[in-house]
């Protein structure tokens, strides 16, 4: 591990303060007949039930090869001194970092509840500036859509804001500081993901336990699904959301300790248990799913059917548990990978974003 004097940390590995990484037993991918499947889809009153069509059942089979594309998961080495906290960015050290995203040019965007809610760094970790205030005051995540625009769900305002890459507000969904569960309101939304067409999926999150589908170009409401519960298509804190190359939607159902999978229209397809509470999801172009777990301070890598490919980290112990030790995870909340394969972890107790590069 990297200690406070500067040696590098390597994941997966065994080291003081971190659990030993083990080669996981990979469960057999379930046959289609073994999945939890329901009948037909019902779009009555724009509310989607958990019932897939035959089309999406077939897509499960067609998606299986995508889940097999991933080979060995790389070993990650911690980058000490990233970011450099220059030009005023030291304020990032004083607040929980709740989200992270990267763009095609290698810039890294973090979010935190300050008057500089979105902070921008170049690939080398130099601070470039900030934007977002006062439109977002308690951002929970940050995501970049296929057009290069930024979406930020906010717990304080109960809105989801869409920005240009330079921070100009395009629109805000929901009524500012008015929570609700109808088509025009949110209740502490947590995350956003993007579909194959003009779709955006919002995890509405802490208050409503549902997914809201909107048109990402205009923000027009399209549909919603989910309610509080533990059954198929129900949620207990949908904390993060992601999509794959086939357009399927993955929801981190945090308190139910599982990931649920849906068609773009909200039809329930399958699920897998995660053991720990999943916090942040990220699907790579290779169709691997990275999941961070805040409380055990770990990261898992999975195929899209829930077979675990790698798992590392662990709650810091001893001296490391009393402070923030670079090279150790400190309550990872969200994560992202850039186009060079570098991994970024947004951490709450750490009050930082850490960078890890494949070795």
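Read the figures in this text as sums done on the coordinates, not as results from a lab. All values derive from a computational prediction rather than experimental measurement. Virtual Cβ from ideal backbone geometry, glycine too; neighbours counted across all protein chains shown.
For residue 72 and residue 295, what does the FRET efficiency come to when R0 = 35 Å and r is the distance between their Cβ atoms, rounded to the nearest 0.05?
Computed FRET efficiency for residue 72 and residue 295: 0.80.
Taking the Cα-to-Cβ direction at residue 138 and at residue 255 and moving 7 Å from each Cα, how far apart do the two end points lie in nm?
Label at residue 138, label at residue 255, 1.7 nm between them.
Which order do peptides 151-157, 141-147 fall in by mean Cβ count within 10 Å, highest first?
Most protected by this proxy first, the peptides run 151-157, 141-147.
Would you calculate the separation in nanometres between label points at residue 340 and residue 156, each defined as 7 Å from the Cα along the Cα-to-beta-carbon direction?
Using points 7 Å along Cα→Cβ, the separation is 3.4 nm.
State the extension gain, in nm to one decimal, for the chain segment bounded by residue 175 and residue 218, taking 0.36 nm per residue of separation less the distance between their alpha-carbons.
Once the chain is fully extended between residue 175 and residue 218, it gains 13.9 nm.
Just how far, in whole angstrom, is the range 146-179 from the range 330-359 if you go by their alpha carbon centroids?
23
By count of other Cβ within 10 Å, fewest leading, how are 173, 337 ordered?
So the residues, fewest neighbours to most, are 337, 173.
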